[in-house]
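Every read-out reported here was derived from the displayed coordinates using simple, explicitly stated rules and does not represent laboratory data. None of the values given here were measured: they were computed from a predicted structure. Positions of Cβ are backbone-derived with ideal geometry, glycine not excepted, and every protein chain shown enters the neighbour counts.
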Amino acid sequence: MTRVPHDAGGPDERTREVLLAVVRRHIHTGEPVGSSAVSRDLRTEISPASVRAIMAELEELGLLAQPHTSAGRVPTDLAFRFYVDHLAGRPKLAPNAARSIEQALATAGDIDALLEEASRQLSRLSHHVGIVLAPDLRRLIIDRLDFVRLDDRRVVVILLDRGGRVHDRVLTLSEVPDVPELERVGRYLSEELGGRTLPEMRRRIEERLAEERAAYDRLMARGLELGRKALSEVDDAEVQLFVEGASNLLGLPDFPDLDLLREMLRALEDKRRLADLLTRILAQGGPRVVIGHENPVTALARGALVVATYGTETGAVGMVGLVGPVRMAYPRSLGLVTYLAEALSQRLAAAGN
């Protein structure tokens, strides 16, 4: 957490108040902030001259910058980080926005339609870029496995997760068992592995293959080998990502450099790379705010990312978020992504019951 100057008696409250006032006003106007405006915004009475001195000190600390010598100052990424870290209370969403989200999600059909609608609502209500990372299959509980024979070399493996979502992949084998055997293998693997996540299922397969009985039980051995290949193929599937509203970044004064803006838009189009970034954040939990140069994706370092996780009783499985300018209304953005994450979690829970 960024620290502001303090004396021997503790944190310098005036400096903290001035810094937060500069950030709030800049978020509201998008313009450099002068000392007179800050002085008027403060809860305690501090003269414009004293505010100017404090702002100069904050500039030396790298928390404020002066784009032009005759202009006021703007917050740096460090200042926005300080502001976000000092937001008080749990962010809330306005009741009318919450009702709008509930009505929109209620009309969605399957899980994919629900996630796509969630990204659309994020973008519509924030005027930023809405992103939704679909559930990571490796974190979901799989209840059933089925196999469908296509021809002598190909078979479809179908996995049904506890939320009712179907995942399938085509496997290429040297020899595909006949239909009755595939049905027996599906029933056997569902009984042996159902109710587990993919990593747990793979561990169970390795344990069963190591057992002595697998050496002489042909159906068991063949079924376990098929299951091992099937789970490996499904695990390699790309994570699905829904992105809505990239055009909202166009025309914002926060992105005056068109070349940098184009790089940012290309980064949003690179869904695989963006999904990798969100997957790393997902492992750290949420909600989280990634500001400016904290972002490991260089093309997104001129913006901010606000995310929250959604999941099931077993833990977080996906993520919702916003991409926008660093000069973002963070309390409202956090309230929006947190509400949508909770709404998705509730619907996943309902689908699994």
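To the nearest 0.05, how large is the calculated FRET efficiency for residue 29 and residue 183 if R₀ is 56 Å and r is the Cβ-Cβ distance? That pair, residue 29 with residue 183, gives E of 0.25.
Net length available on complete extension from residue 40 to residue 175 is 40.7 nm, with 0.36 nm assigned per residue and the Cα-Cα distance removed.
How do 345, 232, 35, 174 rank when sorted from fewest to most other Cβ atoms within 10 Å of their own Cβ?
Values: 345 19, 232 13, 35 22, 174 6.
Exposure proxy ranking, most exposed first: 174, 232, 345, 35.
For the chain, adding -39500 (n - 2.57) for each run of n ≥ 4 DSSP H residues and dividing by the number of residues yields -15500 deg cm²/dmol at 222 nm.
Please work out how much length the chain gains when fully extended from residue 110 to residue 221, using 0.36 nm per residue of separation minus the C-alpha to C-alpha distance, in nm with one decimal. Walk me through the numbers on the way to the answer.
Working: separation 111, 0.36 × 111 = 39.96 nm, distance 3.59 nm.
Length gained between residue 110 and residue 221: 36.4 nm.
Take peptides 129-141, 157-169 and line them up by average Cβ neighbours within 10 Å, highest first, as a rough protection proxy. Please report the intermediate quantities before stating the final value.
Working: 129-141: 22.8, 157-169: 17.8.
Those peptides, ordered most packed to least, come out 129-141, 157-169.
Assuming R0 = 22 Å, what is the FRET efficiency of residue 298 and residue 276, from their Cβ-Cβ distance, to the nearest 0.05? It would help to have the intermediate numbers written out before the result.
Numbers: r = 14 Å, r/R0 = 0.64.
Efficiency for this residue pair is about 0.95.
Give the peptides 182-192, 93-103, 251-261, 324-334 in descending order of average Cβ contacts within 10 Å, highest first.
Working: 182-192: 17.9, 93-103: 13.8, 251-261: 12.0, 324-334: 20.9.
Taking the mean over residues of other Cβ atoms within 10 Å, the ranking is 324-334, 182-192, 93-103, 251-261.
When the convex hull of its Cα atoms is viewed from all sides, segment 128-238 shows a mean projected area of 7.7 nm². Label points 7 Å out from Cα along the Cβ direction at residue 196 and residue 229: separation in nm? Output for this residue pair reads 2.0 nm.
Note on the chain: Cα-Cα pairs beyond 33 Å make up 44% of the total pair count.
Taking a sphere under 14 Å around the Cβ of residue 287 and counting the other residues whose Cβ falls inside, with K and R at +1 and D and E at -1, yields a net charge of +2.
With K and R counted +1 and D and E -1, the other residues having a Cβ less than 11 Å from that of residue 319 yield a net charge of +1. Modelled spin-label separation between residue 167 and residue 94, with each label point placed 7 Å from Cα along the Cα-to-Cβ direction: 3.9 nm. Between residue 262 and residue 247, the distance separating the two model label sites (each 7 Å from Cα on the Cα→Cβ line) works out to 1.9 nm. Just check segment 6-85 against the gyration tensor rule for me: Cα atoms, a ≥ b ≥ c as the square roots of the eigenvalues, rounded for a/c under 1.5, and otherwise prolate or oblate depending on whether a/b exceeds b/c. Rounded, because the longest to shortest axis ratio a/c is under 1.5. Please list, in order, the residues from segment 8-51 whose amide nitrogen is less than 16 Å from a point placed 7 Å along the Cα→Cβ vector of residue 66. The answer is 32-38, 48-51.
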